[in-house]
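Written out below as structure tokens is the structure these notes cover.
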Amino acid sequence: MEYKNALDFLLYSYFGFDGGTKKIEENKNEIPTYCANRAYLDLARTVEFKYSKSKLDKMKKKNSPQNEKDEAKAFIKEKEKLINGICESMLAAIDGKECNNNDFNEWHEKKCKSIKNNMNEAVDKTNDFIIKVNTFTIGQAQKWLNMTLKYLWLLNILPDGLNEEYLHIPVDSYIIEAVGAKKDNYQYGLELVSPISKSSWSSWDNYDKYMDFQDEVKKVIKEKYNSLTPIEWESLAWIEVAKSKSSD
């Protein structure tokens, strides 16, 4: 298979974009939404909604009362509307800050807090919260935002004015393991002990502590792998840990 055809397949199967490589540039403003929707899947299992998937499946069964079927249908619609709305505005400016080199860290903080608030404050047609009360965290927001940007970087279509060295590493359990790992265990282990890394990434809810972690990791990456940007290191480290897990 030719590289172009393989990439077209990846764009469609992974991101749901059927325009192919020829249309990436002319659809540049739409691609971030596709990437954000795919990025959401990377944290979806950690999100606690009012109704779990198994509960919704039960409510939709043929022998379920009609009111439960209607409620499940309406809830799914509201849930999709919430997620799609966040995805569509993922890279938008916020409080005058843009997704570029000059504003990046300030923009990133405001965006993460905005995502968190939007998820926690959204209500359905019955005026009940869509998410279990105040369960969506900064840790989940950073994963959503950082993976969106990582996908754009991989597709070579980062927002104008944003260079890859400014990107934050998407934090998850594999990256936390790589950050604390010794070189004897992982080629890209950083041997860094950080207090926040002792807790699950999806429970992180203090942005300042999150940034302390990012700064510590970036500093060590620069010292040990000067030729790599943080996002390049993250990609290599994540794959290394994933391979290790698959062989266990």
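Being over 15 Å from the mean Cα position of the chain (by Cα), assigned by TED's automatic domain parsing to the domain that holds Phe15 and under 21 Å from Trp201 (Cα atoms) holds for only one residue in Phe129, Phe49, and it is Phe49. Contact annotation: residue pairs with Cβ atoms under 9 Å, 6 or more positions apart or on different chains, pairing a residue in region 40-51 that is farther than 17 Å from Val133 by Cα with a partner that is among the β-branched types (Val, Ile, Thr), are Tyr40/Val47; Tyr40/Ile83; Tyr40/Ile86; Tyr40/Thr148. Could you tell me how many of the residues in region 166-186 are loosely packed, with under 15 Cβ neighbours inside 10 Å and farther than 24 Å from Tyr151 by Cβ? Within region 166-186, residues that are loosely packed, with under 15 Cβ neighbours inside 10 Å and farther than 24 Å from Tyr151 by Cβ number 4. Would you be able to say whether some residue in region 82-92 is touching a residue at least 12 places away in the same chain (Cβ under 8 Å) and assigned to a loop (DSSP other than H, G, I, E, B)? Yes, region 82-92 has at least one match.
Matching residues to (1) of a type outside the set (Val, Ile, Thr); (2) in contact (Cβ under 8 Å) with a residue 12 or more places away in the chain:
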| position | (1), (2) |
| --- | --- |
| His168 | yes, yes |
| Val171 | no, yes |
| Glu177 | yes, yes |
| Leu192 | yes, yes |
| Trp201 | yes, yes |
| Asp208 | yes, no |
| Val217 | no, yes |
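Filtering region 118-160 to residues that are in contact with a helix residue (DSSP H, G or I) (Cβ under 9 Å, 6 or more places away or on another chain) and of a type in the set (S, T, N, Q) leaves Asn118, Thr126, Asn134, Thr135, Thr137, Gln140, Gln142, Asn146, Thr148.
Taking region 149-180 as the search range and keeping residues that are more than 21 Å from Asp215 (Cβ to Cβ) and assigned to a helix (DSSP H, G or I), which one is modelled with the lowest pLDDT? Of everything passing the filter in region 149-180, Leu154 is modelled with the lowest pLDDT. Of the residues making up region 120-161, those that are within 19 Å of Tyr34 (Cα to Cα) and among the hydrophobic types (A, V, I, L, M, F, W, C) are Ala141, Trp144, Leu145, Met147, Leu149, Leu152, Trp153, Leu154, Leu155, Ile157, Leu158.
For region 55-65, the criterion of a residue being of a type in the set (S, T, N, Q), modelled with pLDDT of 95 or more and surrounded by 12 or more Cβ atoms within 10 Å (Cβ to Cβ) is satisfied by no position.
The values are calculated or read from the model by the stated rules, or taken from the named source; none is laboratory data. In this text, all values refer to a predicted model and were calculated from it rather than measured experimentally. Cβ: placed from backbone, ideal geometry, glycine included. Neighbour counts: every protein chain shown.
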